[in-house]
Amino acid sequence: MSDKIKNIDGITKESTQAMIDDALAAYPEKGKKKRAPHLGVNDQGSGSACVKSNKKTVPGVMSARGCAYAGAKGVVWGPIRDMVHVSHGPVGCGWYSWGTRRNLVSGINGVTQFAMQFTSDFQEKDIVYGGDKKLKTLLEEAVGLFPLAKGISVLSECPVGLIGDDINSVAKQSSKELDLPIIPCNCEGFRGVSQSLGHHISNDTIRDYIIETREFAEPSSPYDIALIGDYNIGGDVWSAKALLEEIGLNVKSVWTGDGELEKIAATHQVKLNLIHCYRSMNYMCKVMEEKYGIPWLEFNFFGPTKIRQSLRAIAERFDDTIKENVERVIAKYDPIMQAIIDEYKPRLDGKKVMLLVGGLRPRHTIGAYEDLGMECVGSGYEFAHTDDYDRTASEMPDATVVYDDPSEYEFEKFAHALKPDLIGSGIKEKYVFQKMGIPFRQMHSWDYSGPYHAYQGFEIFARDVDMAVNSPTWKLVKAPF
Amino acid sequence: MANLLGLEVKKIVETPPEEIERVQNWINSEEYKEKNFARQALVINPAHACQPLGAQLAAHGFEGTLPFVHGSQGCASYYRSTLNRHFREPAPAVSDAMTEDGAVFGGQNNLHEGLENAVALYKPKMIAVFTSCMPEVIGDDLTAFIKNARSKGHVPKDLPVPFANTPSFSGTHINGYDAMLLSILQNLTEGKQVEGRCTGKLNLIAGCDFNTGDYREYKRIAKEFGIPLTLLADISDTFDSPCNGTYSIYAGGTRLEDAADSINGKATITLGPYATAKTFSWIKDTYSGKHVSLSMPIGIEKTDALLMKLAELFDKEVPQTLKDERGRAVDAMTDAQQYMHGKKFAVYGDPDYLTGYVAFLLEMGARPYHILCSRGSKKVEKELQAMLDASAYGAGCKIYMNKDLWHLRSLVMTDPVDAIIGDTHGKFAARDAKIPLFRFGFPVFDRVNRHRSPIIGYQGVINMVSEICNKFLDIKDETCEDRYFEMMR
């Protein structure tokens, strides 16, 4: 938490409210009424949300949101590398989410890792007669073709829930017959209002079907932790895990980036859960705290300032050995980080950035931009809840705009008014702003770069932000004639 | 413990390295291939998407048109991001964000509210509505819903709102393209047919083609001929718009009045017979003028067929510029044929692309050895077989209908080929087989500008010859023994 109130030249509560009012002016009455509570002016000192959130997307406005299936398949399950993840229903959902999140995996494709597209490819007859039989057959086929898979997840797409299939009983029966965990996840896309419910349903599924079904083979130690809510985008887990190991912790399991089913199942044996993406995994942290007494701690591995704070907060949970390790590690990396800042800050100082992402990034990355001398002039989430916006208030400068599930229309309006030097958002937004000549980085996928987590990640982040903002190509956008 | 499967609690076991090695070898074996081909229910790495994706592509091909997904917002995000990634361009589309209560009450309220907001915010000249799974399963009546939207004033009276049912559990993206295109043309041409009137124009339908360079080639060819053209569902500017400091949500597309007047055209040609089967059948029954269905013009002979047809329909000579261009393409082929002759290829993709790849390879003396279609038909199988039968280079080549890219992997591992032609999704099989993948199809997520480089027409021939042969030459330079590393190739 930053105690200092941050202000930005030219941005006042009044100017931000006027900008919001202007964006709302084009809406029909009903749409305006629905959207208004989702656009707010940040009150940094309050430490509480200035917008409403986790409500239904307003029809017809062009939202960037996904669905519950996307949250389940894309976020929670997909990164578990040693399971076969079946997209149960028509062909599309699995096809669109195949390899498009950049959750990197170790292992051998088709042998020990299954970053592929498995689907029941529903046809008309499956809708009419149901898909349970087909599911049973395909589970047998999957086990036969992929003998080293540690389990199978069955991820329901919309039609499955609508036609009343019972994947839970098929999974239970097949699990016994095939002697393999077959995990049914009722994550139909129509459930809830966004990806977020898919995360929640998936967490509940882990609670009901997976946790506590395995035990670590080696004896426990006081330094056993789990890394929760890191999905290994562009190799983030590999960078974060290395740092946690460097300070002397044993990372016993990762949820779920480059994840392994059995290690996830044994996570009830760790001593502390360290959670990066609070939004997608807080549910299971709370369950593990209540059920097994495992405490959890949120941390932030973006940029040296936040990494330093986080490492010290983590050290507080352990003995002097870890505390000493942390100070040693901080002392080792501080000059390296300073060298990076010295290189890039002169070119980025005072530049403005706007964010619209998911999960933790609209608040967690702000510090990393600030390390480079940049300021965040607007931020928002696709699918956050009030607790996310509470956590965002103190990170964002005072009087800046906060937007929840903004329409493309609103986002464009704000960008026109704020004239940022960089926008960090997703693939659907990228080319809109680049056509306008505004530098852009995809901040879901790290724009095919990464990792951005931990010390190793900051160097890449700084380089990427610099090359986006200062690329000579932007100077060519306006023709001389 | 909440162990709903009643699993036995076990210690974690690591798979022994020798077991991993055994399986790693086994998945490349003939035995595995047989087991793989015996699959009945599980589809692994399919080479097709669902209908609404194609519907969105067709909608983007018309001026001022906002694609509108009637269904969950997640569906729209998937289609949009797929198009964004392939073209590296914006793909604006809205959805009416149906949720659980839609299952109970139907989606009419969402549709009406969505139309009203979309009109207010994005000021479209046309809204093209298509469906994803939910409304299809619950049986929403779009005809009634849209009629009601108009009578209740949710959309302006004169705003065209064509709509198509595009269930994802039937067909592929090419069928969605067909359904949406048909609906748009039916809507725009309604009441526009004028007895005795002829625009003198050619209506050209490219089919479900995701290559903006191809569309630009069609326009250039018509210009060379001096034939006035209405290119229907023209995505060339939509998905290849300039970066000049301003963003236009509707960057291109066939002008609506041209599309409306296309019913009075002199001739209509479809170049995507599989992707426009329904549309073309309706055009044949409805449109004035001549109606011709030709293969996608990939390779010399299929391009010749298009040019001869244009010459015939418009009573013109094939212009000298195009004759010369043909000569240059053939020159490129004869110069480079030695680098492709006898080479074996695995090819996969949508039917219209496939017939083109096969024709081109046979013309080069290469062998389309494994031909795979993830959702094919008897008709396309017959057409492909006839092409193989008619060429010496087709001998021993096999067609695999309704097979996926995990089948393809078994094929290239057990019965090797020199290269694969397909899309980005084939890169895993290509890597395992240590052979190059040529990304002529859709989608291409991992190379730049592929969609700007045409594969149709004579220019397309030159592009494909260059890409394929130069890659083979790169491989030779990178892998040959030092003593065979030489200046000339």
Around A:Lys286, with a cut-off of 14 angstrom between Cβ atoms, what is the net charge of the other residues, counting Lys and Arg +1 and Asp and Glu -1? -2
Between beta-carbons, use under 11 Å as the cut-off and find the net charge around A:Val75, counting Lys and Arg +1, Asp and Glu -1. +3
At 7 Å along Cα-to-Cβ for each site, give me the label-to-label distance between A:Ile108 and B:Met487 in nm. 4.5 nm
Would you kindly give the portion of the calculated P(r) for region A:224-327 that falls above 16 Å, as a percent of all Cα pairs? 54 percent
Can you compute the radius of gyration and Dmax for chain B, using only the Cα atoms, both in Å? 24.5, 83
Need the full-extension length gain, B:Glu257 to B:Gln193, defined as separation in residues times 0.36 nm minus the C-alpha distance. One decimal, nm. 21.8 nm
30 Å Cα-Cα threshold exceeded, pairs from B:Lys147/B:Lys192; B:Lys10/B:Lys434; A:Lys176/A:Lys263; B:Lys278/B:Lys471; A:Lys176/A:Lys252; A:Lys34/A:Lys291: B:Lys10/B:Lys434; B:Lys278/B:Lys471; A:Lys34/A:Lys291
Kirkwood hydrodynamic radius over Cα pairs of region B:329-479, then Stokes diffusion coefficient at 10 °C and 1.306 mPa s, in µm²/s: 103 µm²/s
Region A:397-417 residues near the modelled B:Thr246 label - backbone nitrogen below 17 Å, point 7 Å along Cα→Cβ: A:413, A:416-417
Quick one: Debye curve from the C-alpha atoms of region A:356-481, no solvent, what's log10 I(q)/I(0) at q = 0.10, 0.21 Å⁻¹? -0.30, -1.39
Within chain B, cysteines having no neighbouring cysteine beta carbon under 4.7 Å are B:Cys50, B:Cys75, B:Cys198, B:Cys208, B:Cys243, B:Cys373, B:Cys397, B:Cys469, B:Cys480
Membrane-span-like helices in chain B: DSSP H runs reaching 15 Å or more (Cα, own axis), mean Kyte hydropathy at least 1.6? none
What's the FRET efficiency of A:Lys419 with B:Ala392 using the Cβ-Cβ distance as r and R₀ = 60 Å, to the nearest 0.05? 0.40
If you average the sequence gap of Cα pairs under 8 Å that are 6 or more apart and divide by the length of region A:281-429, what percent do you get for the contact order? 22 percent
Can you give the local net charge around B:Lys344? Use residues other than it whose beta-carbon is closer than 12 angstrom to its beta-carbon, Lys and Arg +1, Asp and Glu -1. +1
Cα convex hull volume per residue for chain A (Å³): 162 Å³
Once you put a point 7 Å from the Cα of A:Glu14 and another 7 Å from the Cα of B:Thr321, both along the Cβ direction, what distance in nm separates them? 6.1 nm
Go ahead and estimate [θ] at 222 nm for chain A from helices alone: -39,500 (n - 2.57) per DSSP H run with n ≥ 4, summed, over the residue count, rounded to 500. -13000 deg cm²/dmol
Note the per residue figure in Å³ for the convex hull of the C-alpha positions in region B:51-189. 96 Å³
Convex hull over the Cα atoms of region A:360-405, averaged projected area in nm²? 2.9 nm²
Take region B:228-360, compute every pairwise Cα distance, and split them into 10 Å bins from 0; I just need the percent in each bin. 10, 29, 34, 22, 5
Residue by residue, what Karplus-based ³J(HN,Hα) values in Hz, rounded to whole numbers, does region B:442-453 have, using 6.51, -1.76 and 1.60 with θ = phi - 60° and x for Gly and Pro? 10, x, 10, 9, 10, 9, 9, 6, 4, 6, 8, 9
Size of the protein assembly as shown as Cα extents on the principal axes (Å, biggest first): 90, 68, 63
Set of region A:146-163 residues, backbone N closer than 15 Å to the point 7 Å along the Cα-Cβ line of B:Ser29: A:146-148
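Laboratory data are not the source of any read-out in this text; all were calculated from the coordinates shown. Values in this document were obtained by computation on a predicted structure and should not be read as measured data. FYI the Cβ positions are ideal-geometry reconstructions off the backbone, even for glycines, and counts take in every protein chain you see.
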